[in-house]
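Following: one structure in structure tokens, then a few remarks.
The values are calculated or read from the model by the stated rules, or taken from the named source; none is laboratory data. These numbers were taken from a predicted model, which means no experiment stands behind them. Every residue, glycine among them, receives a Cβ derived from its backbone with ideal geometry; neighbour counts consider all protein chains shown.
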């Protein structure tokens, strides 16, 4: 009962989460909204949620590391060498190979994530999860576009 009450509070306050401007708690607000959104869209029971979220969060942290931190570090090699025009062919080859390795690591981590989640959720709920993740990204992008559009009018 407490779980459903908590979800209801989060779901009813989603507009408030996005209405606030950028700040130190922006990512925490987005994460809270994502948790509520996915829980609602997938239809996680309290027992499923208890097993699902620790596993999901572990892989999301790994993917964040790969997609954001590692990619940024990898591409900083280009700027550190004065941009694309100043890279030698050998340096460009090494960076390209490292980008390919990074993409492979991202794919493998995503694959591992869904394989582990199959042990926690039914196939139908996994499909709902995939759709919920895609829909959540679209919702965030749309809200960002709306916000930026209002700023430039």
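Among the residues of the range 10-20, is any modelled with pLDDT of 85 or more, assigned by TED's automatic domain parsing to the domain that holds residue 140 and touching a helix residue (DSSP H, G or I) at 6+ places or on another chain (Cβ under 6 Å)?
Quick first cut of the range 10-20, residues modelled with pLDDT of 85 or more only: none.
For the range 10-20, residues modelled with pLDDT of 85 or more, assigned by TED's automatic domain parsing to the domain that holds residue 140 and touching a helix residue (DSSP H, G or I) at 6+ places or on another chain (Cβ under 6 Å): absent.
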Quick check: anything in the range 92-99 under 18 Å from the mean Cα position of the chain (by Cα) and in a helix (DSSP H, G or I)? no
Meets criteria (outside any loop (DSSP other than H, G, I, E, B) and modelled with pLDDT of 85 or more) for residue 55: yes
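Residues are listed down the side, and each one gets a yes or a no for (1) surrounded by fewer than 16 Cβ atoms within 10 Å (Cβ to Cβ); (2) within 30 Å of residue 126 (Cα to Cα); (3) touching a residue at least 12 places away in the same chain (Cβ under 8 Å):
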residue: 26; (1), (2), (3): yes, yes, no
residue: 37; (1), (2), (3): no, yes, yes
residue: 66; (1), (2), (3): no, yes, yes
residue: 93; (1), (2), (3): yes, no, no
residue: 97; (1), (2), (3): yes, no, no
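This table checks each residue for (1) surrounded by 15 or more Cβ atoms within 10 Å (Cβ to Cβ); (2) under 21 Å from residue 40 (Cβ atoms); (3) at pLDDT below 85.
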{"residue": "75", "(1), (2), (3)": "no, no, yes"}
{"residue": "78", "(1), (2), (3)": "yes, no, yes"}
{"residue": "82", "(1), (2), (3)": "no, no, yes"}
{"residue": "100", "(1), (2), (3)": "no, no, no"}
{"residue": "105", "(1), (2), (3)": "yes, no, no"}
{"residue": "112", "(1), (2), (3)": "no, no, no"}
{"residue": "115", "(1), (2), (3)": "no, no, no"}
{"residue": "129", "(1), (2), (3)": "yes, yes, no"}
{"residue": "148", "(1), (2), (3)": "no, no, yes"}
Being out of contact with any helix residue (DSSP H, G or I) (no Cβ under 8 Å at 6 or more places or on another chain) and either surrounded by 16 or more Cβ atoms within 10 Å (Cβ to Cβ) or at pLDDT below 95 (or both) is the requirement here; does residue 142 meet it? yes
Going through the range 108-129 in order, the residues found to be in contact with a helix residue (DSSP H, G or I) (Cβ under 9 Å, 6 or more places away or on another chain), within 18 Å of residue 51 (Cβ to Cβ), free of Cβ contacts under 8 Å to residues at least 60 places away in the same chain and assigned to a helix (DSSP H, G or I) are 112, 113, 114, 126
